[in-house]
Amino acid sequence: NPPVGDEQASATGLPAGVVTFVMTDIEGSTRLFRELGERYVDVLATHQALLRGPFTEHRGVEVGVEGDALCFAFADAAEAVAACLEAQRARAAHPWPPGVELRVRIGMHTGEARPVRDDYVDLAVHQAARISAGAHGGQVLLSQATAAAVEGRMPDGTTLIPLGSFQLRGFPEPERL
């Protein structure tokens, strides 16, 4: 299990050492884009603003955008969990236009990582992406490493529910989520 609170930073300001990666994805984004057409641009911008707010307030650093997916790196797993919960609440409470049901899946994984220039080239990033892909809209899924890193440091009123072990594409061993 990674140690808690290893908060090194690289020269680029990206967390280094033990890093928690958060990956987000809009469930059914292609369908939503087709249905909304040009209106999708505004929905996507609102979605990204709603998530970026809590992520940056909790000291997350944005490291990537791909379509509707965001990737953030956190030096502290507990901050990452708090940010994800706030982001999901903000998304759920937002008054979306009629006919728009925007559901976001979020996955996170904590592992050793070192920035390469202004990005990461680490398996931990890939693992967070695979965990996100396995979530349903509205869920926040954590790897076992992230769950261990936040043990005793969860936001008030928050509990973790073990879902079991799942085979993530490209990884040899199942991951407890």
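If you count the DSSP beta bridges with both ends in the chain, what percent of them are antiparallel, to the nearest 5?
90 percent
For the modelled label position 7 Å from the Cα of E173 along Cα-to-Cβ, which residues of the stretch 126-144 have backbone nitrogen atoms closer than 14 Å?
144
Pop the C-beta distance of R117 and A45 into the FRET formula with R0 = 22 Å and round what comes out to the nearest 0.05.
About 0.20, to the nearest 0.05.
Relative contact order for the chain: what is it in percent, counting Cα pairs under 8 Å that are at least 6 residues apart?
27 percent
What FRET efficiency would be calculated for the residue pair Q144, R34, taking the C-beta separation as r and a Förster radius of 30 Å, to the nearest 0.05?
After rounding to 0.05, the efficiency reads 0.20.
Once you list every other residue whose beta carbon is under 14 Å from the beta carbon of S132, what net charge do they have if Lys and Arg are +1 and Asp and Glu are -1?
With Lys, Arg at +1 and Asp, Glu at -1, the net is -1.
Within 12 Å, Cβ to Cβ, of S165, how many net charges do the neighbouring residues add up to if Lys/Arg are +1 and Asp/Glu are -1?
-1
Give me the net charge of M108's neighbourhood, meaning all other residues with Cβ under 13 Å from the Cβ of M108; Lys, Arg count +1, Asp, Glu -1.
Residues close to M108 contribute a combined charge of -2.
Rounded to whole Å and ordered largest first, report the semi-axes of the equivalent ellipsoid of the stretch 51-138 derived from its Cα gyration tensor (root of 5λ).
Over the Cα atoms of the stretch 51-138, the semi-axes work out to 24, 14, 12 Å.
Rounded, prolate or oblate: pick one for the chain, where a ≥ b ≥ c are the square roots of the eigenvalues of its C-alpha gyration tensor, a/c under 1.5 means rounded, and failing that, prolate if a/b is larger than b/c, else oblate.
Judged from the Cα gyration tensor, the chain comes out prolate (a/c at least 1.5, a/b above b/c).
All of the numbers you see were taken from the coordinates with simple rules; none came from a lab. Quick caveat, the model's predicted, so the values are computed rather than measured. Backbone-built Cβ (ideal geometry, glycine too); neighbour counts: all protein chains shown.
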